[in-house]
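The values are calculated or read from the model by the stated rules, or taken from the named source; none is laboratory data. Being a predicted model, the structure only gives us computed values, none of them experimental. All Cβ positions, even for glycine, are placed from backbone atoms using ideal geometry, and neighbour counts span all protein chains on display. When the accessible area is computed, the model is the full protein with side chains, heavy atoms only, and any ligands, DNA or RNA have been set aside. Shrake-Rupley method; radii C 1.70, N 1.55, O 1.52, S 1.80 Å.
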Amino acid sequence: MSEIQGKRLVQIFEAWAPKSLAYQWDSVGLQIGSLDRTVQKVMVTLDVIESVVDEAVEKNVDLIIAHHPILFSPLKQINVEDPKGRTIEKLIKNNITVYAAHTNLDITSGGVSDIIMDKLSIHPTKVLVKSATMKLFKLIVYVPESHASNLIEKLGNAGAGHLGNYSHCSFTSKGVGAFKPLKGSNPHLGEIDSLKKVNEVKVETIIREDQISHLLTVITDVHPYEEVAYDLIPLWNKGNDIGAGRIGQLKEPISLKEFCQFVKDRLDLPAVRVIGDLHETVKKIAVLGGSGEDFIETAISHDVDVYLTGDLTFHDAQDGWQAGLKMIDVGHYVENHLTHAVKHYLEEKLNGEGETIEIIVSSVNTDPFQFL
């Protein structure tokens with residue numbers, strides 16, 4: 001069975017959902033264990049509860065990637081007589097590392113809300129709750145001709161050069177690089193104290209600010225030189241807005257009642273709670289996976305027909321209803337759809353790097369609610 005360093009695996013994952021996107025109040029990243037260990041099997045789950053950990057122990061899992069942090073608030077004690085204490089004890093005793101990606105996975109492109117929008121065939125989309133606009137940079141790397149194609153491919157696979165609906169965008173030009181290795185260096189080409197000239201390629205591509213750290217690691221892994229020459233230039237080009245939730249439109253308007261049934265079918269839900277006239281037509285939809293009641297006013301300000309989210313409490317729902325907003329409460333557990341997306345992403349990226357480890361999705365249902 002293949003294996004990979006935990007840090008390396010997390011680095012690949014954070015190229016998609018960097019911790020920098022998470023809200024300041026959130027608890028993301030390493031929760032329990034160590035990322036310095038090798039990983040042979042990963043389990044993806046929505047929650048880390050005792051039954052999930054029992055499953056991880058049974059299946060010899062090394063790393064759990066969870067959406068909801070097990071350590072969300074500071075602990076005053078770890079009492080192994082209560083469920084959370086027993087869960088933490090089992091994780092430590094069995095050397096299982098826990099890593100959490102919460103609001104960063106909500107906010108990032110292709111994250112929770114985008115997954116739900118895709119399942120509901122709602123396009124195009126824009127951000128519902130804008131938190132920032134991503135800064136863009138031009139990355140310029142000088143590389144020997146012999147390694148240029150591989151570097152360009154690896155950078156594109158890691159997310160560089162993404163423009164609109166195009167990926168792997170880059171520009172290259174040829175030139176001659178010159179350098180003199182000094183005493184103490186270990187040059188790939190050339191000799192100590194002798195000027196060396198090499199046919200090189202200048203590779204230019206556009207990247208987001210949150211990609212910088214990961215892409216520099218990709219470069220150093222692929223580039224043959226001991227010292228890599230590169231430039232990072234801030235751009236005035238406008239990057240994409242980032243934030244929680246998405247807004248989009250159905251292809252055709254339908255009744256609220258029809259849309260509710262469509263949501264149940266596509267998201268595999270036994271029931272939804274709905275607010276509004278079931279006979280009114282809807283087309284413009286706002287979606288925020290998880291608990292989105294804090295953003296009812298934001299949804300109203302965008303003049304959407306329906307706001308789909310989870311965990312609506314009575315008085316917040318009543319306020320939205322009185323303001324004329326139609327709402328669908330799909331429950332918090334709807335976020336479970338992201339687990340398969342995380343599995344697919346990691347498998348695709350690892351295969352692109354020529355690495356394979358076993359990645360599974362937890363089979364434990366962590367939803368506390370039943371519908372009778």
Hey, Ile247 closer than 30 Å to His168 by Cα, outside any loop (DSSP other than H, G, I, E, B), within 22 Å of the chain's Cα centre (by Cα) and β-branched (Val, Ile, Thr) or not = yes
request  = Spot the failing condition for His214; the list is (1) within 29 Å of Asp114 (Cα to Cα); (2) touching an Asp or Glu at 6+ places or on another chain (Cβ under 7 Å); (3) not in a helix (DSSP H, G or I), and only one is missed.
outcome  = (3)
key: Residue identified as closer than 24 Å to His332 by Cβ and either modelled with pLDDT of 95 or more or under 18 Å from the mean Cα position of the chain (by Cα) (or both) among Ile92, Ile12, Ile65   = Ile65
message = Here's a check for you: in the range 319-372, which residue that is assigned to a loop (DSSP other than H, G, I, E, B), among the small types (Gly, Ala, Ser) and within 24 Å of Asp114 (Cβ to Cβ) is nearest to the chain's Cα centre (by Cα)?
response = Ser362
key: The listed residue being of a type in the set (A, V, I, L, M) and modelled with pLDDT under 95, out of Leu288, Leu269, Leu350, Leu338   = Leu350
query = Hey, any hits in the range 134-141 for a residue that's open to solvent by 50 Å² or more (accessible area, probe 1.4 Å), over 21 Å from Ala15 (Cβ atoms) and in a strand (DSSP E or B)?
reply = no
task = Among the residues of the range 263-286, write down those that are in contact with a strand residue (DSSP E or B) (Cβ under 7 Å, 6 or more places away or on another chain), in contact (Cβ under 8 Å) with a residue 60 or more places away in the chain and either part of a helix (DSSP H, G or I) or over 22 Å from Gln322 (Cβ atoms) (or both).
result = Val263
ask   = Would it be correct to say that His168 is touching a helix residue (DSSP H, G or I) at 6+ places or on another chain (Cβ under 7 Å), open to solvent by 40 Å² or more (accessible area, probe 1.4 Å) and either more than 14 Å from Glu204 (Cα to Cα) or in contact (Cβ under 8 Å) with a residue 12 or more places away in the chain (or both)?
value = yes
request  = Using the structure shown, decide if Leu189 is modelled with pLDDT of 95 or more and not in a strand (DSSP E or B).
outcome  = no
query = Is it true that Ser20 is open to solvent by less than 50 Å² (accessible area, probe 1.4 Å), in contact (Cβ under 8 Å) with a residue 12 or more places away in the chain and not aliphatic (A, V, I, L, M)?
reply = no
Flag if Ile207 is under 25 Å from the mean Cα position of the chain (by Cα), modelled with pLDDT of 95 or more and surrounded by 13 or more Cβ atoms within 10 Å (Cβ to Cβ) = yes
query = So which of Ser173, Ser194, Ser149 is assigned to a loop (DSSP other than H, G, I, E, B) and polar (S, T, N, Q)?
reply = Ser194
key: Matching residues in the range 41-85 - criterion: being in contact with an Asp or Glu (Cβ under 6 Å, 6 or more places away or on another chain) and of a type in the set (D, E, K, R)   = Lys41
inquiry  = Looking at the structure I just gave you, is Gly320 open to solvent by less than 20 Å² (accessible area, probe 1.4 Å) and under 30 Å from Leu139 (Cβ atoms)?
reply    = no
note = When (1) surrounded by 15 or more Cβ atoms within 10 Å (Cβ to Cβ); (2) touching a helix residue (DSSP H, G or I) at 6+ places or on another chain (Cβ under 8 Å) are applied to Asn199, the one that fails is (1)
